[in-house]
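Participant: Below are the C-alpha cells for one structure; questions will follow.
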Amino acid sequence: MEAIEYKCPNCDADLKFDPESQKLSCEFCLSSFTEDELKKINEAYGETTPTEAEIQTQNEFEEHTNLYHCASCGAQIMCDDQQTALFCYYCHNPVILSGKLTGDYKPSKLIPFKFTKDRALETFRNWVQKKTFLPDDFKSEQQLDKLTGLYVPFWIADCNVKADFTAVGKNNRSWTSGNYRYTETKEYNVVRRGNITVNGIPADGESKIEDLLMESIEPFNYDELQPFSMTYLTGFFADKYDVDKAQVFPRIKSRASQAGKKVVRDSIGSYSSLAVSSEQYNILKTDWEYMMLPVWFMTYNYNNKIYEFAINGQTGKLAGTPPLDKAKLRMFCTALGIGITAAIYLLGGLLFG
Amino acid sequence: MKKKLFVIIPVISLILAGLVVYNLVLKKPKNIGKGFDGDSSKSCVIDDAGIFDDDEDTLDKLNELAEDYSEKLEMNIIVYLNGIYKYNEKSTEDFCADYYDANCGKDTDGILYLMDLSGVSSPLDCISTSGKAVLLYQKNLDAIFSSLDNYLPSGGEEVQPDEAERAVIEFFRQIEKYEKKKPGLFSTYHDKVTDKYFYYKGGEFIVSKDRPASANLLVLLISAAIGTVAAIITYFSIKKAYKFKNSTNPGVYVSHEESRLTEQSDTFIRSYVTKRKIESNSSGGGMRSGGGGRSGGGGHGGGCHRR
C-alpha cells in the first residue's frame, strides 16, 4: 500500500493524523482538515510543476554560489563565486568557505538593491545626528564601514482570512433637567463577517536578525520583483535561511489576523463603547513564496549587547534601537536637575526674599 | 539647535548653581545689628510704680545686679516696674520697644522686662527683646513668664516689695539660663513688621534684611525636589526615546479589491435612560484679619503675658 504524505495548505508542514479529532492536524499552525477538505483545497489550488527555465536557474544557483560560515556567531552567508566574503556581516569576525548550496535555497524572486550605499550612509548619518546620547564611537567612520548590503531571505505569504466579529455597541447621550443628569443609552448588535485577502506579508527566514527589525523597514514594493538571477548578488551578500515557512507561520498568522482585525474595526462606526462578544480570524489558505529582499544591515556591540540597524535597500526606510550612553544622559539630567533647583531657588529668593 | 541645547543647559545650570553657592555660603549679609557697646550703666531697674520708695537699698542692689548681668551677658537689661495700667497689649509692646530704643539705641543687644504693678485684676507683664536677645529668648518667653509667675501674685492682689524683688532676681537668672543655651545652627527669627532677620552666621550675630541661608532651607528643599523630579522625568523620557519604534502595521498588506465583508450590520437592540441627582457643593468660609505693625523703630521680638 502506497503511503500518502499530506502537507498543510497553510504552512506546508507535514500533517499528522489526530486520533482524537479523527482529522489530519498541523502541529505548527494548529489547523486541522479532513481528507476530503484537503483534496478539495488541492484541487482548487493545484500543484504546479517547475518549468525548464526554472530548473536551469536552479542549476546555475547550485554551481555559482559559495557558502561561508562564521565560526563565531554561526551565520551562514552566501555570495556568488566572483567575490569572496571575508567578514561576517553580523559579528564582523572572519568567515570561512564551507562549500556549495543546494538548489533548495534558491529563491524564486528577488527585489534588487535600489538604494545605494552612499544614500544609506547619508540616511544613517541624518538619523544619528538627531540623537545626542549615543556612544562616541557609534558615529565613527570605522563603524559606518560595517554597513553591509545584504539580501535577506524572506517567506512571503498571501492569506485568505475569514473574519467573524460580533459585539454590542453603545451610544450615550446626556442632558440635564432640574437637579438631575439624564443619560440615554442605545445598544446595537454589531456583526461583521467576511473574507479578507492579505497579500505579501513578509517574514524573514533568518533567526539571527530581529523579526521586529525586519518588520519595521517594511513595506517593500513587490512591483519591482525580479526573477532570481545570480547577477543581482554581485557586490552584495546573501543570507541562507535557517527558519522554514512552518516556523514563520505563527508570525504570519498573527499579522494576517491583525490586518483582518483592522479591516473589521475600520468598518465599525464610532460607538461610545464596544463590548466584543466574539472575534475570530481564521486563515483559510496561505500561498507561499520564498524570495530575497535588499537590506543595508549593520550591528554595533555596546556593553555586551548587539544593536542591529537595517535600512530598506529599496525604499531607504531605517529602523533600529539607538544605543544609549547612560553615563552621558545621567550627567545631563544631573546638570538639568541642579539648574532647575538653582533657578527655582533664586527665583524664590527674589519673590519672597 | 537641539544638540546645542544639550550643551547650553548644563552650562546655564552650572552658572545658576554657582549663584546659589555664592548666595548660600560666600555672600556676606549686611549686618545692621549694633551689638552691645559694653556700657552696662544703661542697664537698670526703673521703679515707676514706687514700690521700693521706702527701700532704696533694695532698688540699688537690683540696679547693681542689672549691671552685673549686663556685663556678663553682654547686653542691655532694663526692668521697668510699671505702676499705672494705661496700655492694652499692643500698645504695651510698643511702649516697651520704644522705651528700650530710646534708652539703649535701635538694634542693640538687650532686653526689657515690664512688670505690671498697677494692681488691675489682670496684670499685663511684657518682655521686649532687641538684637541677639531676640534670637536667645523669643522661643523661651512662655517658660520665662511661667517661672516669674511663681514669685508674683495673681491678678487683683497687691504685689509686695519682696515679691517684686524676688521676681526681678528670678528674671535675671532666667535670662542667664537661656543665654547659655545658644540657639541652633539654623535658628532664625524674622520680624515681619521691620522685615529684619536675626541669626548667627559663622559665630557672628547678624541683624539683616537679607534672608539667611537657613531661612531659605525650605525653598531650597522644595526647589531640589522639583529639580529632582524634572531630572528623573527627563531621564526616563529620553531613555524611552531610545527604545525601538513600532513595527509596520500589517494593515498595509490588505487587498481591498479582493476583500469583502459579506455581513455588515448594526442592529438596534434597545435603549434606556438613567438619571443621577446632581450633588450641589456649597462651601463656606470666613475671613481672618491680622493686626497692624509698629514702624520706624528697631527690630524687636518679645510678647506679653497676663498673670
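Participant: So what are the stretch B:141-276's ellipsoid semi-axes, whole angstrom, largest first, if each one is the square root of 5 times an eigenvalue of the alpha-carbon gyration tensor? Mind showing how you got there, number by number?
Facilitator: Values: eigenvalues 1214, 171, 27 Å².
Largest first, the stretch B:141-276 gives 78, 29, 12 Å.
Participant: Here's something else I'd like to know. Using only the alpha-carbon atoms, how far is helix B:217-241 inclined from the longest principal axis of chain B? Give it as 0 to 90 degrees, nearest 10.
Facilitator: Between the helix axis and the principal axis of chain B, the angle is about 10 degrees.
Participant: Whole angstrom only: what separates the Cα centroid of the stretch A:175-236 from the Cα centroid of the stretch B:165-221?
Facilitator: Between the Cα centres of the stretch A:175-236 and the stretch B:165-221 lies a distance of 72 Å.
Participant: So, one more: Using helices alone, I'd like the mean residue ellipticity at 222 nm for the protein assembly as shown: each DSSP H run of four-plus residues gives -39500 (n - 2.57), total over residue count, nearest 500.
Facilitator: -10500 deg cm²/dmol
Participant: Rounded to whole Hz and in sequence order, give me ³J(HN,Hα) for the stretch A:134-146 from the Karplus expression 6.51 cos²θ - 1.76 cosθ + 1.60, θ = phi - 60°, writing x for Gly and Pro.
Facilitator: Calculated HN-Hα couplings, in order: 9, x, 4, 6, 5, 9, 5, 4, 4, 6, 5, 4, 7 Hz.
Participant: Given charges of +1 on the Cβ of Lys and Arg and -1 on the Cβ of Asp and Glu, with all other atoms neutral, how large is the dipole of the protein assembly as shown about its Cα centre, in debye to the nearest 20? Spell out each step's value before the answer.
Facilitator: Numbers: 77 positive and 90 negative charges, 400 e Å.
Roughly 1920 debye, rounded to the nearest 20.
Participant: Just want the answer: with Cβ charges of +1 for Lys and Arg and -1 for Asp and Glu, which residue in B:Val21, B:Thr58, B:Gly110 is farthest toward the dipole's positive end in chain B?
Facilitator: Working it through, the farthest residue towards the positive pole turns out to be B:Val21.
Participant: Please report the equivalent ellipsoid semi-axes of the stretch B:15-172, computed as sqrt(5 x eigenvalue) of the Cα gyration tensor, largest first, in whole Å.
Facilitator: Values: eigenvalues 238, 63, 36 Å².
Listed largest to smallest, the semi-axes of the stretch B:15-172 are 35, 18, 13 Å.
Participant: Find the percent of Cα-Cα distances in chain B that exceed 29 Å, and round it to a whole number. Please list the in-between numbers first.
Facilitator: Numbers: 26684 of 46971 pairs.
Of the Cα pairs, 57 percent sit more than 29 Å apart.
Participant: Also: Using the Kirkwood radius built from alpha carbon pairs, what does the Stokes-Einstein equation give as D for the stretch B:83-139 at 10 °C and 1.306 mPa s, in µm² per second?
Facilitator: Values: Rh = 11.8 Å.
Answer from the Stokes-Einstein relation: 134 µm²/s.
Participant: Let me ask something else about it. Give the Cα extents of the stretch A:266-349 along the principal axes, in whole Å, largest first.
Facilitator: Extents along the principal axes: 72, 46, 26 Å.
Participant: Most mobile of B:Lys196, B:Lys240, B:Lys177 per a Gaussian network model of chain B (Cα springs, under 10 Å)?
Facilitator: B:Lys240
Participant: Let me ask another. For helix B:161-180, report the angle its Cα long axis makes with the longest principal axis of the Cα atoms of chain B; keep it between 0 and 90° and round to the nearest 10°.
Facilitator: 40 degrees
Participant: Counting only Cα atoms, I'd like the Rg/Rh figure for the stretch A:106-155, Kirkwood definition for Rh. List each step's numbers first, then the result.
Facilitator: Values: Rg = 14.3 Å, Rh = 13.1 Å.
With Rg and the Kirkwood Rh in hand, the quotient comes to 1.09.
Participant: Using Cβ-Cβ distances only, list the Cys residues of chain B with no partner cysteine under 4.7 Å, sorted by number.
Facilitator: B:Cys44, B:Cys96, B:Cys104
Participant: I need the peptides B:29-35, B:41-47 ranked by packing, meaning the mean over residues of other C-beta atoms within 10 angstrom, with the highest value on top.
Facilitator: Details: B:29-35: 16.0, B:41-47: 19.7.
With the highest mean Cβ count within 10 Å placed first, the list reads B:41-47, B:29-35.
Participant: Answer with one residue from A:Leu110, B:Leu135, B:His300: the one whose Cα lies farthest towards the positive end of the charge dipole of the protein assembly as shown, charges on Cβ with Lys, Arg +1 and Asp, Glu -1.
Facilitator: Ranked along the dipole, the leading option is A:Leu110.
Participant: Could you list which residues have their amide H under 5 Å from that of A:Ser207, counting only those 5 or more apart in sequence or on another chain, with H placed in the peptide plane?
Facilitator: A:Asp242, A:Val243
Participant: Related question: Considering the Cα positions of the stretch A:207-342, please state its Rg to one decimal place and its Dmax as a whole number of Å.
Facilitator: Computed over the Cα atoms of the stretch A:207-342, radius of gyration and Dmax are 21.7, 67 Å.
Participant: Tell me, what is a quarter of the convex hull surface for the C-alpha atoms of the protein assembly as shown, in nm² with one decimal?
Facilitator: Numbers: hull surface 205.9 nm².
Approximately 51.5 nm², given one-decimal rounding.
Participant: Would you please give the residues with an amide H less than 5 Å from that of B:Val79, counting only those at least 5 places away or on a separate chain, with H modeled from the backbone geometry?
Facilitator: Residues meeting the amide H criterion: B:Cys44, B:Val45, B:Ile46, B:Tyr113.
Participant: A further question follows. Pull up all non-local amide H partners of A:Leu110: gap of 5 or more, or a different chain, and H-to-H distance under 5 Å with H placed in the peptide plane.
Facilitator: Those lying under 5 Å, H to H, from A:Leu110 are A:Gln226, A:Phe228, A:Met292.
Participant: Write down the radius of gyration of the stretch B:70-114 and its Dmax, each obtained from C-alpha positions, in Å.
Facilitator: Just the Cα atoms of the stretch B:70-114 yield Rg and Dmax of 11.3, 34 Å.
Participant: Can you give me the Kirkwood hydrodynamic radius for the stretch A:259-312, using every pair of distinct Cα atoms, in Å to one decimal? Kindly include the intermediate steps, with their values, before the conclusion.
Facilitator: On the way: mean 1/r = 0.0604 Å⁻¹.
When all Cα pairs of the stretch A:259-312 are included, the Kirkwood radius is 16.5 Å.
Participant: Also: With no solvent and one equal point scatterer per Cα, compute the Debye intensity ratio I(q)/I(0) for the stretch B:219-267 at 0.19, 0.24, 0.31, 0.33 Å⁻¹ and report its log10, rounded to two decimals.
Facilitator: -0.81, -0.93, -1.06, -1.09
Participant: Based on the Kirkwood radius over alpha-carbon pairs, what value in µm²/s does the Stokes-Einstein equation return for the translational diffusion coefficient of the stretch A:108-252 at 4 °C and 1.567 mPa s?
Facilitator: Details: Rh = 20.4 Å.
Value of D from the Cα-based Kirkwood radius: 64 µm²/s.
Participant: Please report the projected area of the stretch B:154-231's Cα convex hull averaged over all directions, in nm². Kindly include the intermediate steps, with their values, before the conclusion.
Facilitator: Values: hull surface 37.7 nm².
The directionally averaged projection comes out at 9.4 nm².
Participant: Relative to the longest principal axis of chain B, what angle (0 to 90°, nearest 10) does the C-alpha long axis of helix B:89-104 take?
Facilitator: The two axes meet at around 70 degrees.
Participant: Once the Cα atoms of the stretch A:203-245 are picked out, what are the Rg and Dmax in Å?
Facilitator: Gyration radius and largest Cα-Cα distance of the stretch A:203-245: 12.1, 30 Å.
Read the figures in this text as sums done on the coordinates, not as results from a lab. Treat the numbers as computed from the prediction; the structure is a model and nothing was measured. Every residue, glycine among them, receives a Cβ derived from its backbone with ideal geometry; neighbour counts consider all protein chains shown.
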